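The values are calculated or read from the model by the stated rules, or taken from the named source; none is laboratory data. Predicted model, so just to flag it, every value in this text is computed and none were measured. All Cβ positions, glycine included, derive from the backbone under ideal geometry; neighbour counts span all protein chains shown. To get the accessible areas, we keep the full protein, side chains included, count just its heavy atoms, and leave off ligands, DNA and RNA. Shrake-Rupley method; radii C 1.70, N 1.55, O 1.52, S 1.80 Å.
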Amino acid sequence: HLPRRRPPRTPLMPSAAEYKTLLKLGLPIMVGQLGTIVTGFVDNMMVGHYSTAALAAASFCNNFFNMALLAVMGFTYGITPLVAALSARAGRESETGALMRTAARVNAVFCAAVMAVMAALFFMVGNMGQPAELLPLIRPYYLLCLAGLLPVMIFNVWAQWSYGIGNTATPMWIVLGVNVLNVLGNWLLIYGVGAFPELGLTGAGISTLLARLVSGVAMVWVFFSLRRYRAYRAGYRLSPRRRAAPRRRAAAKIWRTSLPVSLQLTCETAAFSGSAVLCGWLGTVPLAAFQVVIVLGTLGFVVYYALGAAVAVRVGNAAGTGDRAAMRSSAWAGYHIMLGVMLLSSLTFALAGPAIISLFTDDLTVRAVAVSLIVPLILYQLGDATQITFANALRGTSRVMPMLWSALFSYLVLGLPSTYLLAFTFGLGVYGIILSFSVSLFTAAALYLFFFLRSTRPLSP
């Protein structure tokens, strides 16, 4: 009898080693992101128990500013596949360091442009239809969010480098550390503990800004101080005259890779930010309930994002060697893990959602509205998990322009009008706003999957 041969692995049936590698990369990011979401929970709990008005003002600012925040963060995401592709081949540390010098400069220019736009929009806040009693709370908090964009950019530039070389643990520890700092700052400044003044929502903004500054400084220190990264620093410090032409080519490549990712995330976030503005038209209570549910929803999002970042690294590694079958295998392995996490998130929302919501506010009306939004929250989880997986898989291939057109159609052309129709035309209010997220997320998921499969189809012999 001939020995029975094990069937070969296919992209749809990845090896156990691929799952193990993805989890090894993704778990540290996941822990760091869960630390962030726990801090976000604590932020909103403290603000919500301080006053319903403070919670509603935070809802408007955070959701409106997420558009700028994710534009800046998304622009840094283009660094990851470039670093991962270089890391797939030995001896490219100096080249990676040179790439990071260019990436830091390009990202600084982009961040400055985003900050200028958001500064101009500050003067239009009073004309956005928000409740008049919230404006004195919104304006100082908005400025603190604006100042926080620069340290967010700095941290993420170097975090993406760290992810790209396979070191996902260092950013995790930094994030966890500053989250503890942020919680302590909130406690001292929101309520005015001891000698500290009682600043309410403004105190929460100051605490968050300080935590972001510390995270940026810490991540830069890692790159420029640790001995094991000397080879990267050598490339970073090469005389610009000696590499003017390569620097220009690298800058052009970063713009081509990063800008579509940033605009894709901006389109996605614009739909959510626009939803927050529309929710403000419904009043303070719906806006506060909307914020509670959005914060709850980010519990799933940050876990999906952590696994998505690992998928981008693994697909980027395979892209560096031109192995299309490995690119697909990494993406499908990530998606299989993602489906399990999505199921766990949905069960958590269904079983523990009301209990979690009760932690955010003492206002029984806000609680009742928020609990009624759990069903549409659960409905969009599959779409969110799928679109994050294949958006990051596309990011790993560095073929990112399809992401932009897909996001533009899904979130702006289709998503925002659906939000308005369901909320106002069909009279579903804030329930319709959350329900509309399924329309845009499932559409984006289908488009990202289509373009990833087309970009990684086997080459003709």
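Given a 1.4 Å probe and the protein chains as shown, LEU307 ends up with an accessible area of around 10 Å². A helix-only calculation puts the chain at -27500 deg cm²/dmol for mean residue ellipticity at 222 nm, using -39500 (n - 2.57) for each DSSP H run of at least four residues, averaged over all residues.
Our summary gives the chain a relative contact order of 25 percent, counting only alpha carbon pairs under 8 angstrom and 6 or more residues apart. Between region 352-389 and region 176-227, the C-alpha centres lie 27 angstrom from each other. Surface calculation, 1.4 Å probe, protein heavy atoms: LEU184 sits at approximately 90 Å² accessible. How much of the accessible area of the chain, in percent, comes from carbon and sulfur atoms when a 1.4 Å probe is used? Carbon plus sulfur share of accessible area: 69 percent. When region 306-461 is described by a simple charge dipole with +1 on each Lys and Arg Cβ and -1 on each Asp and Glu Cβ, the residue from LEU373, VAL400, ILE356 located farthest towards its positive end is VAL400.
With N set to the number of residues, divide the alpha-carbon radius of gyration of the chain by 2.2 N^0.38 Å and report two decimals.
Values: Rg = 22.1 Å, N = 461, 2.2 N^0.38 = 22.6 Å.
That ratio works out to 0.98.
Between ARG237 and VAL109, the FRET efficiency from the beta-carbon distance, with R0 = 22 Å, is close to 0.60.
Rolling a 1.4 Å probe over the protein heavy atoms leaves TRP332 with an accessible area of roughly 40 Å².
A 1.4 Å probe run over the chain, with the rest of the protein chains in place, finds 41 Å² accessible per residue.
Relative intensity of region 145-241 on a log10 scale, I(q)/I(0) at q = 0.12, 0.24 Å⁻¹, equals -0.48, -1.17, per a Debye sum over C-alpha point scatterers of equal strength in the absence of solvent.
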